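The values are calculated or read from the model by the stated rules, or taken from the named source; none is laboratory data. Remember, it's a predicted structure, so these values are computed and weren't measured experimentally. No Cβ is skipped: glycine too gets one built from the backbone with ideal geometry, and neighbour counts run over all protein chains shown. Note: areas computed on protein heavy atoms with side chains; ligands, DNA, RNA excluded. Shrake-Rupley method; radii C 1.70, N 1.55, O 1.52, S 1.80 Å.
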Amino acid sequence: MIKLHDKYFKPFISGKQIDEALQRLADEIAEDVGDEIPVFVGILNGSFMVVSDFVKKYPKPCEVTFIKLASYEGVKSSEDIQRLIGLTQDLTGRTVIVLEDIIDTGNTLNEVYRIFKNEQVKSLKIATLFHKPEAYKKDFKLHYVGIEIPNKFIVGYGLDYDGLGRNLPEVYQIKETQYMTNLVLFGPPGAGKGTQANFLKEKYNLVHISTGDVFRYNIKNETALGMLAKSYMDKGELVPDQVTIDMLEAEVEKNTDAKGFIFDGFPRTHAQADALDKLMDSKDSQINAMIALEVDDEILVERLLSRGKTSGRPDDADESIIRNRIKEYYDKTAILKDYYSAQDKYFGVDGVGSIEDITKRLSGVIDKL
Ligand code: AMP
C-alpha cells in the first residue's frame, strides 16, 4: 500500500500485466496497419509511459509525436473549453493512431476528433491502455483497448493524483475503506500485554481483542466454545487453530467501524498469522506492526504467581503450568517473530519498568508507523 497526499492506494495492475497488454496492442495494431508507416500520437501528460513502452514493442517502422490538452488562459476546469497544443506536423494522408493511457468519460476524445477534423488524415484510430466502460459516455469507437477496469480512481504508470504517482512502474487503485492501524501485541504470558493494550486502545482509538479474554468470557458463560477451549487452557495448551481463527474472525466482524485493532494473544501460530493476513487483506487493510514486550522468564513467573493470588485464574496459580505456558510461547511463537521480521514489521520493546515508561516506549513505535 502507498500514500499519495491524503489518500491510500493498493497495488492493482502489475508491470508484467501492463507489459503483456502493450505487447498485444502493438501486435494487433501492426497487423491492421500492414505496410503503412503509422504516426502514433500520445496525449500528454499521462501517456508518456504508455507511448514510450508501446513504441519499443511496435515491430515495424513508425513515427511518434505528442500533443497536449490545455485549458484556455484564465478558464479552468471546464471540459468544453479545451484545446490541443503541439500538433505541428502535417498529417495529411497519414494513418494516425492516438495512444491514450486511459479513457474514462471520453471527454478528451471530443477534442481529439474536433482537432483532427481539419487535418486531412487517411484514418484516425484510438488506442488506449486502460478503459473504464462504466464511466464512458461517448459514442466514439475505441479501436484498441488494452485492459478494461472498473470505475475506480487509479494512479501510476503515467497517471497521477494531484501531480504525484506518475513515476510508479505499476498501477495502484484508490483504497476507499478507511485506513486502519492494526497491531499485534506480543509477549510471553505475564509480560503486561493486557495492561498496555488498555492504554493503547484509548490513546489510538483501537479495538482490543484478546483471544484469551474471549475464551475466558465463553468459559464463564458456559458456551460450547468455552467448554471446548477450557480443556486446553486448563493444561496451558493452545486451543486448536481453526477454533481460534473462527472465533477471532467473528470478533473482528463485530467491529465494522473500527479504526484498527490491537490483537493480543493472536496470532500464536503460523497458520493463525496467515489467516490474519488474509482477513486484513479482505478488509483492504494489513497488519502494520507486531510489537513484542520482552521480559525475562524469572520476572514473568514471579508476576504471574502474584497475579494468580488475586485474579482467580487457575492457569496463573500453578508454577509448572505457568512455566509450561512460557515454554509453549517460545516454542510455538518464535516463528512469528521471523514471520513479521521478514516483512519488516517486528518491533521488540523492553517490557521491564513502570507501566507509564513501557506505554511511552510502545507509543514511540506506533507513532512512527
Ligand atoms: P492468554 O490470556 O493470552 O495467556 O491465553 C490464555 C490461554 O488461552 C492460552 O494458554 C491458550 O490456551 C488460549 N489461547 C489464547 N489465545 C490463543 C490463540 N491465539 N491460539 C490458541 N490458544 C489461545
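Quick rundown of the values:
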read-out: Listed residues 143, 5, 131 arranged by accessible area, highest first, probe 1.4 Å; value: 5, 143, 131
read-out: Degrees separating the helix 297-311 axis from the principal Cα axis of the chain, which is the longest one; value: 70
read-out: Where labels lie 7 Å past Cα in the beta-carbon direction, separation of residue 113 and residue 368 in nm; value: 5.7
read-out: Length added when fully stretched, residue 6-residue 234, from 0.36 nm per residue minus Cα-Cα; value: 77.2 nm
read-out: Bins of 5 Å, starting at 0 and running to the largest distance - Cα pair percent for segment 307-349; value: 6, 21, 17, 16, 13, 14, 11, 4
read-out: Within-11-Å neighbourhood charge of residue 126 [Cβ basis; K, R +1; D, E -1]; value: +2
read-out: Global form of segment 1-41, assessed from the alpha-carbon gyration tensor, a/c cut-off 1.5; value: prolate
read-out: Dipole of the chain, positive end: most advanced residue of 129, 161, 198 [Cβ charges, Cα centre]; value: 161
read-out: Total formal charge among the other residues, if their Cβ is under 15 angstrom from that of residue 101, Lys/Arg +1 and Asp/Glu -1; value: -4
read-out: Once the Cα gyration tensor of segment 92-200 is diagonalised, semi-axes √(5λ) in Å; value: 50, 13, 11
read-out: Accessible carbon and sulfur surface of the chain relative to its total accessible area, %, 1.4 Å; value: 50
read-out: Cα gyration tensor, segment 81-135 - rounded (a/c under 1.5), prolate or oblate; value: prolate
read-out: Rounded to 5, percent antiparallel among DSSP beta bridges of the chain; value: 25
read-out: Charge dipole magnitude, Cβ of K and R +1, D and E -1 - segment 129-193, Cα centre, debye nearest 20; value: 80
read-out: Virtual spin-label span in nm between residue 90 and residue 55, 7 Å along Cα→Cβ; value: 2.1
read-out: Accessible surface, 1.4 Å probe, highest first, among residues 355, 115; value: 355, 115
read-out: Mean shadow area of segment 188-245 over all directions, Cα convex hull, nm²; value: 4.6
read-out: Kirkwood hydrodynamic radius of segment 257-369, Cα pairs, Å; value: 15.8
read-out: Dipole magnitude of the chain about its Cα centre (Cβ charges: Lys, Arg +1; Asp, Glu -1), debye to nearest 20; value: 540
read-out: Protein-only accessible surface order, largest first, of 164, 129 at 1.4 Å; value: 164, 129
read-out: Nearest 10 degrees, 0 to 90: helix 270-282 Cα axis against the chain principal axis; value: 40
read-out: Rounded accessible area of residue 341 (nearest 10 Å², 1.4 Å probe); value: 50
read-out: Within-15-Å neighbourhood charge of residue 181 [Cβ basis; K, R +1; D, E -1]; value: +3
read-out: Computed E for residue 37/residue 227 - FRET, C-beta separation, R0 56 angstrom, nearest 0.05; value: 0.10
read-out: Alpha carbon Rg of the chain, scaled by the compact-globule rule 2.2 N^0.38 Å; value: 1.42
read-out: Label-point separation in nm, residue 195 to residue 137, each point 7 Å along Cα→Cβ; value: 6.1
read-out: C-alpha long axis of helix 355-367 to longest principal axis of the chain, angle in °; value: 10
read-out: Span from the segment 82-122 Cα centroid across to the segment 268-306 one, whole angstrom; value: 58
read-out: Largest-first ellipsoid semi-axes for segment 206-321, taking √(5λ) over the Cα gyration tensor eigenvalues, angstrom; value: 26, 18, 13
read-out: Cβ-Cβ FRET estimate between residue 301 and residue 360, R0 fixed at 25 Å, reported to 0.05; value: 0.45
read-out: Segment 1-74-segment 184-239 distance, computed between alpha-carbon centres (Å); value: 53
read-out: Stretch gain in nm, segment residue 344-residue 148, where the contour uses 0.36 nm per residue and the Cα spacing is subtracted; value: 67.1 nm
